[in-house]
Amino acid sequence: MILTTKEFLKKGFEPKHLISILCLLVLLVSKPFFETNFLISILATVFLGVSVMTSVHHAEIIAHKIGEGLGTLVLALSVTIIEVGLIVSLMGQVTDGANVLARDTVFAAVMIITNGMVALCLILGGLKYKEQEFQVQGSKSLLVVLVTLAILVFVLPNYTSTTAGPTYNPLQLGFIGIICILLYLLFIFLQTTTHKAYFEPTMEKDVISETPIVEHEISKVDAWLSFISLCVSLIAVIGLAKLISPIIESGIAYIGAPKSTVGLIIAAIVLAPETWAAANASRANRLQTSLNLALGSGIASIALTIPVVIAYSMFEGKELVLGLDPKNMVFLTMTFFVGAITLGTGKSTLLQGAVHGVILLTYFVMSFVP
């Protein structure tokens, strides 16, 4: 049965769908007056947070409709779209440091995901349940793809000899971009088709969860309206984050922090929706879902963002620096070493979360005070 537009809206439209439109309207109204009105700046910042939470809400509704595996992909891809949009738009605006903006942002995203997001989920779950279980096969599959992508993108450029410095030449850039996409597609095929069971929450722990998971029937109309609202919210997030980026740069310059921390701040804003969703899943005793969201977002961040940035830099004829400095290579190595131990047991406690939290806190301090 085909619904008319009027019937479609009458059947599924709710006041919550207006929030996404309101966020977009705030963006349109704020833009002309942003630099001259302090209250408008505050309003834009507040609605950035609102649009982030709205994105999470609608992505979760879609996830309930299409299933666990595909649902986590929806949010991961949504967050990656935000990241790509921000990086490319800022690369066209920034004159100093544009060649390292993508590297700094994506690397910061990986650090926040593998340490901050994972730490938050493990700590929240540990406080509530003492110990949580997850699927070792799934977590190891996520980690091995993430490690491979990170080393190819952030480490290998430091050791190539065709170009001077931590860069790839055009042929190498094109190859790495293709490899990233192919590896991501292979991972998606495994996660959604051949090995779906690896990425599903453990049933035993869900049964005894103190917070029962209540499944609600989501109609096709609800799902489509949420998809439309999600797209509108993501546009608002990109626009508002881009709007407040001069404030971020001014604040960083005021405290005397390195310009590379701009990428860290952008990554923190971009990952807010997924962090919220992952934390909610952990509190509902679905740690595997949290790990799918977190590590899957890290994989998407590298595998999808980097090829787009490579294509943009080659089209514009701009230099793209990908190799990390020695300090950040130490952080990357420590993160993956500890992560392999944490995700190799199938069980987690608060202590493991605290260790990852310490790594992230140290990374933050060393980024602002190098």
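The values are calculated or read from the model by the stated rules, or taken from the named source; none is laboratory data. From a predicted model like this one, the values you see are computed outputs, not experimental measurements. As a convention, Cβ positions derive from the backbone with ideal geometry for all residues, glycine included, and neighbour counts pool all protein chains shown. When the accessible area is computed, the model is the full protein with side chains, heavy atoms only, and any ligands, DNA or RNA have been set aside. Shrake-Rupley method; radii C 1.70, N 1.55, O 1.52, S 1.80 Å.
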(request) Provide the FRET efficiency to the nearest 0.05 for the Thr362-Ile66 pair, computing r from the beta carbons and using R0 = 45 Å. (result) 0.70
(request) Take the solvent-accessible surface of the protein heavy atoms, probe 1.4 Å, and return the percent of it on the range 131-207 that carbon and sulfur atoms account for. (result) 70 percent
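Before I look further, what does the chain give for accessible area per residue, probe 1.4 Å, in whole square angstrom?
Roughly 46 Å² per residue, with all protein chains present.
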(request) Could you pull out every residue, at least 5 positions away or on a different chain, whose amide H is within less than 5 Å of the one on Gln132? Hs are placed 1.01 Å off N in the peptide plane, and Pro or chain starts have none. (result) Ser348
(request) Please report the Cα spread of the chain along all three principal axes, rounded to whole Å, starting with the longest. (result) 60, 53, 39
(request) Please name whichever of Leu320, Ile40, Gln352 sits farthest to the positive end of the charge dipole of the chain, dipole taken about the Cα centre and charges placed at Cβ: Lys and Arg +1, Asp and Glu -1. (result) Ile40
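Distance check, please: which entries in Lys242/Lys327; Lys140/Lys318; Lys128/Lys220; Lys242/Lys318; Lys128/Lys347; Lys196/Lys220 exceed 25 angstrom between their Cα atoms?
From Lys242/Lys327; Lys140/Lys318; Lys128/Lys220; Lys242/Lys318; Lys128/Lys347; Lys196/Lys220, over 25 Å: Lys242/Lys327; Lys140/Lys318; Lys128/Lys220.
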(message) Using +1 at the C-beta of Lys and Arg and -1 at the C-beta of Asp and Glu, which of Gly174, Val144, His57 has the Cα lying farthest in the positive direction of the dipole of the chain?
(response) His57
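Measure off, as a whole percent, the carbon and sulfur share of the 1.4 Å-probe accessible area of the range 226-327, all protein chains present.
Carbon and sulfur atoms account for 69 percent of the accessible area of the range 226-327.
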(request) Any chance you could check the Cα centroid distance between the range 151-185 and the range 250-272 for me, in angstrom? (result) 26 Å
(request) Based on a Kirkwood Rh over C-alpha pairs, give the Stokes-Einstein translational diffusion coefficient of the range 40-198 at 25 °C and viscosity 0.890 mPa s in µm²/s. (result) 132 µm²/s
(request) Determine the relative contact order of the chain: mean sequence separation of Cα pairs under 8 Å and six or more apart, normalised by residue count, in whole percent. (result) 38 percent
(request) Specify whether the C-alpha gyration tensor of the range 229-283 places it in the rounded, prolate or oblate class, a ≥ b ≥ c being the square roots of the eigenvalues: rounded for a/c under 1.5, otherwise prolate if a/b is larger than b/c and oblate if not. (result) oblate
(message) Checking the a/c ratio against 1.5 first, then a/b against b/c, what shape does the Cα gyration tensor give for the range 251-370?
(response) prolate
(message) As a test of the formula, what do you get for the chain when each DSSP H run with n ≥ 4 contributes -39,500 (n - 2.57) and the sum is divided by the residue count, at 222 nm and rounded to the nearest 500 deg cm²/dmol?
(response) -25000 deg cm²/dmol
(message) What distance in nm lies between label points placed 7 Å from Cα along the C-beta direction at Leu25 and Lys318?
(response) 3.4 nm
